[in-house]
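Notes for the one structure printed next.
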Amino acid sequence: MSNFKNVQPLDDFNWEEFENGGISNASKEAQEASYDATLNKVSEGQVVDGTVISMDKKDVIVNIGYKSNAIISASEFRYNPDLKVGDTVEVYVENLEDKKGQIVLSHKKAHMAKSWDRVNEALNNEEIIQGFIKCRTKGGMIVDVFGIEAFLPGSQIDVHPIRDYDVFVGKTMEFKIVKINQEFRNVVVSHKALIEAELEAQRQEIMSKLEKGQVYEGTVKNITSYGVFIDLGGVDGLVHITDLSWGRVSDPHEVVQLDQKIKVVILDFDDEKKRIALGLKQLTPHPWDALDPNLKVGDRIKGKVVVIADYGAFVEVAPGVEGLIHVSEMSWSQHLRSAQDFLKVGDEVEAEILTLDREERKMSLGIRQLKEDPWAEIENKYPVGSKHNAKVRNFTNFGIFVELEEGVDGLIHISDLSWTKKVKHPSEFTQVGAPIEVVVLEIDKENRRLSLGHKQLEDNPWDTYETIYTAGSVHKGVVSEIMDRGAVITLNEGGEGFATPKHLVKEDGTQAQKGEELDFKVIEFVKDSKRIILSHSRTFEPEKELEQTDKKRTATKRSGAKKDDAAQINNVAAATSLGDFDALAALKAQMEKGE
């Protein structure tokens, strides 16, 4: 305590301030005001200048005169490898105080904001700016403009179509900003726009001097499937594919090449639509005018098939001179066919001139004329009675059309297919495309028709049947088909007969069934109509009753008209001997009982 006995309090010491924190409110506010006056006035979203106070590979420390410094990633300064301490840089104030109490700055955003203002200014002032082409992208190129990536469409690189985009990568060129999307911050630039004004002046001058028939020299600018675009020196014209050559052109590349210099003639133009129709073939004489004047109908001429259609083929006999071979002139055959069955594009053919019209510039040709008409000597090659191999072409209800050779057809009537089998439709007998043997029955040269037969290849079996199937004879047969009106019987010696239901009754009273083999008696044989009437029942019926039935049949045939039963019996009786009266009386009594 002795150490402080000589200490005297200060006369002006303010004990109240000391107790309240050592400073008065007035003094505190004055000090804060004095401190704030030393700081820059900044706000969020503002772009300000800052000074680099330190840096390393990872971070750059920037001071903007605010109460704290900001740390900015060094990656934002990659474009400036020469950055050093003391340099002044632009920064964007993102946040005056983050959770750590530090100010957040961005050099990249400051650069972008300034660049965005710059591109908008360039658009408003229609300014020509410099840009660096960074790389290719879909549909065009990416251009660096003031640090912003802008899009350069391929159509805006030059007035000429660009075939190699890669040659522009890495170049610095002049551009004009043509469009900005403020919402998505997209920028579109054009190099073509810089030269269009000059080209438009040239275009107007050329269009004002155009006249039909004028010849210009131009450069092949673009080749399409439908024609060629020619640059006439600031204005483009189109040579349609049909005006490239007097001959047919399938691909314009066959006639011209890109960047080739050619002469063209003005065919037509439209000032409003700025369209110019050009011609190349019109600079040479029409090939028809140079066609051999001695060429005439009947002469043979060679050419190349250039177009195929179903109805015929167009053959180029000279560049620009074509003739049509109609499909009917390709073969002597009368069958409807397509030209593709005979010729294809590229075929070299020889043909005969059928018609020649130099004024209309039309020519028709034929190739079948180079072969002999098969009908010219038809009687010698296919005489009546000769046998040949043919091919079935198609069916009709009444027969089969066959082809003996190309151009020679014939008809086999359905009745001439088989001696014994009754054919309802030709498809039962053969099929289309199948081979078939035929005999020539008749020749109609005028109408180009042959009547053919197939059954005539064999002898008529009915000549033999006539000697076998005599009336009353008995033969083995199989019931092959049963119908309402009777059954078809296949006889073992060949041929078919027919039996009505009453003649199919067996001895036990049952009806014969399909597939059964039985004895059958011939009731009637008619060679002309190929008819054999059979009966199984008569093979076991009493002889007298059978005889009486046969006599009744004979009497009915002789009368030729319907008569009452008594009259029939009287007629039969008149024709019989006295020994038959008893049998007739019994038959009459039986018939009367039936009535």
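Show me the strands (runs of 3 or more DSSP E) entirely contained within the stretch 52-128 in which 2 or more residues are under 24 Å from ALA150 (Cβ atoms) and more than 60 Å from the chain's Cα centre (by Cα).
Because the criterion is at least 2 residues that are under 24 Å from ALA150 (Cβ atoms) and more than 60 Å from the chain's Cα centre (by Cα), the strands (runs of 3 or more DSSP E) in the stretch 52-128 that meet it are 88-95.
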Report summary line: Pairs returned, first residue in the stretch 458-470 that is under 13 Å from ILE532 (Cα atoms), second residue that is open to solvent by 70 Å² or more (accessible area, probe 1.4 Å) and not basic (Lys, Arg), beta-carbon separation under 7 angstrom, 6 or more apart or interchain, are ILE468/GLU493
Requested in this report: Would you point out the residue of the stretch 69-86, among those that are touching a Ser or Thr at 6+ places or on another chain (Cβ under 8 Å) and under 11 Å from HIS107 (Cβ atoms), that is surrounded by the fewest Cβ atoms within 10 Å (Cβ to Cβ)?
Outcome: GLU76
Query raised in the report: Got a number for residues in the stretch 301-328 being of a type outside the set (A, V, I, L, M, F, W, C) and either assigned to a loop (DSSP other than H, G, I, E, B) or crowded, with 20+ Cβ neighbours inside 10 Å (or both)?
Result: 8
Query raised in the report: Could you say which residue among VAL187, VAL178 is in a strand (DSSP E or B), open to solvent by less than 60 Å² (accessible area, probe 1.4 Å) and either more than 30 Å from LEU324 (Cα to Cα) or modelled with pLDDT of 90 or more (or both)?
Result: VAL187
**Report entry** Subset of the stretch 212-234 that is open to solvent by less than 40 Å² (accessible area, probe 1.4 Å) and among the β-branched types (Val, Ile, Thr) - its residue that is nearest to the chain's Cα centre (by Cα)
**Finding:** THR224
Report summary line: In the stretch 312-334, anything free of Cβ contacts under 8 Å to residues at least 60 places away in the same chain and either among the basic types (Lys, Arg) or closer than 21 Å to LYS371 by Cβ (or both) is listed as GLY312, ALA313, VAL315, VAL317, GLY323, LEU324, ILE325, HIS326, VAL327, SER328, GLU329, MET330
Requested in this report: Among residues belonging to the stretch 140-155 that are open to solvent by 50 Å² or more (accessible area, probe 1.4 Å) and within 44 Å of the chain's Cα centre (by Cα), point out the one that is farthest from ASP231 (Cα to Cα).
Outcome: PHE151
Report summary line: Filtering the stretch 274-286 for residues that are more than 35 Å from the chain's Cα centre (by Cα) and not polar (S, T, N, Q) leaves a count of 4
Report summary line: Of all strands (runs of 3 or more DSSP E) fully inside the stretch 419-524, the set with 1 or more residues that are farther than 20 Å from VAL408 by Cα is 474-483, 486-491, 496-499
**Report entry** Unmet criterion (only one of (1) within 30 Å of ASN186 (Cα to Cα); (2) crowded, with 17+ Cβ neighbours inside 10 Å) for VAL62
**Finding:** (1)
Query raised in the report: Yes or no: ASP528 modelled with pLDDT of 90 or more and either under 27 Å from PRO461 (Cβ atoms) or within 60 Å of the chain's Cα centre (by Cα) (or both)?
Result: no
Query raised in the report: Which residue pairs have Cβ atoms closer than 6 Å, lie 6 or more positions apart in sequence or on different chains, and pair a first residue in the stretch 367-389 that is closer than 30 Å to LEU354 by Cβ and touching a residue at least 40 places away in the same chain (Cβ under 8 Å) with a second residue that is open to solvent by 60 Å² or more (accessible area, probe 1.4 Å) and not β-branched (Val, Ile, Thr)?
Result: TRP375/ARG448; ILE378/LYS445
Requested in this report: Might you check whether a residue that is under 11 Å from GLY218 (Cβ atoms), open to solvent by 40 Å² or more (accessible area, probe 1.4 Å), of a type in the set (Asp, Glu) and part of a strand (DSSP E or B) occurs anywhere in the stretch 235-245?
Outcome: yes
**Report entry** Residue satisfying condition, being touching a Lys or Arg at 6+ places or on another chain (Cβ under 6 Å), at pLDDT 85 or above and not aromatic (Phe, Trp, Tyr), within set ASP231, ASP251
**Finding:** ASP231
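Scan the stretch 466-523 residue by residue and report those that are polar (S, T, N, Q), out of contact with any strand residue (DSSP E or B) (no Cβ under 8 Å at 6 or more places or on another chain) and farther than 26 Å from SER418 by Cα.
Scanning the stretch 466-523 gives a single hit, THR510.
The values are calculated or read from the model by the stated rules, or taken from the named source; none is laboratory data. What you see is a predicted model; the values in this text were computed from it and never measured. Every residue, glycine among them, receives a Cβ derived from its backbone with ideal geometry; neighbour counts consider all protein chains shown. Heavy atoms of the whole protein, side chains included, go into the accessibility calculation; ligands, DNA and RNA do not. Shrake-Rupley method; radii C 1.70, N 1.55, O 1.52, S 1.80 Å.
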